[in-house]
Amino acid sequence: GVIKKAFSLEGNQKEDFEAIAIAGNDIYLMASDGKLFRFREVADGQQVTFIMFDTGLGKECEFESLTYESDSTRLLMVCKRLLDKQSPKELRIYRMPLPLNRATFTETRVPIKDVVGQNKWKNFRPSDITIDPFTRNYVIISSHEKGLVVLSPDGEVLRSVPLPGDHRQAEGVAITKDTLLLISDESNVRPAMISVYKWQP
């Protein structure tokens, strides 16, 4: 729990930052409107220069989820909320090969009814995504539905279950190489916390 280092982006940034991912030496911060800020680690107390890339997806989606898929060298962004009310109910994942270029984006769409499965959820609004280091499947959590979904990279729903434990506002997920599932909760009545579970790939 000891802070080793703290640094900030150059200037007075007002973006609604929702997620972070590391790809090699580059760090990416994602804003809720789909903008990506790329920079590298600097010394404690410094401000760092950055390059901002506007994905242009802010008119389609509100985002909270970002991860780096190292074996395909691409970033994954998951839409939390579709802004077009006429859009079909679906889970939408955008894949962005590095270096970033709008022309190379691809997407996967999964009907919400397949994501919900046998659960009583009316929707599924992703709050974070990670990649299972053993299977390379996508593990997505939702704070609102208190749910966890596992998808194959092709979009097949492999598991759709309630989150383990008691989570007031689960906003982050990670899986370690020694089979631990980490779920982080924002401060919400209780202090911010990280819960640790055994992960079964």
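The values are calculated or read from the model by the stated rules, or taken from the named source; none is laboratory data. It should be emphasised that the depicted structure is a prediction, and the values quoted were computed from it without experimental measurement. Because the Cβ atoms are built from the backbone with ideal geometry, glycine has one as well, and the counts that use them run over all protein chains shown. When the accessible area is computed, the model is the full protein with side chains, heavy atoms only, and any ligands, DNA or RNA have been set aside. Shrake-Rupley method; radii C 1.70, N 1.55, O 1.52, S 1.80 Å.
Taking a straight Cα-Cα cut-off under 16 Å and skipping sequence neighbours fewer than 8 places away in the same chain, the lysines within cross-link reach of Lys113 are Lys80, Lys89, Lys122. For a paramagnetic label modelled at 7 Å from the Cα of Asn123 toward its Cβ, which residues of the range 53-94 fall within the zone defined by backbone nitrogen distances under 14 Å? Residues passing the 14 Å test: 61-64, 79-92. Hey, how many Å between the Cα centroid of the range 43-60 and the Cα centroid of the range 179-194? A separation of 25 Å, based on Cα centres. With the convex hull drawn around the C-alpha atoms of the range 55-118, the volume per residue stands at 98 Å³.
Relative to the current alpha-carbon distance between Val161 and Met52, full extension at 0.36 nm per residue lengthens the span by 35.6 nm.
Computed from the Cβ-Cβ distance with R0 of 22 Å, the FRET efficiency linking Asp44 to Leu182 stands at 0.30. Surface composition of the chain: carbon and sulfur atoms hold 50% of the protein heavy-atom accessible area at a 1.4 Å probe. For the range 68-201, the solvent-accessible area of protein heavy atoms averages 53 Å² per residue (probe radius 1.4 Å; ligands and nucleic acids excluded). Using C-alpha pairs below 8 Å separated by at least 6 residues, the relative contact order for the range 135-201 is 22 percent.
Over the range 91-132, the ratio between the Cα radius of gyration and 2.2 N^0.38 Å evaluates to 1.47.
Annotation: average projected area of the range 1-153 is 10.6 square nanometres, based on the convex hull of Cα atoms across all directions.
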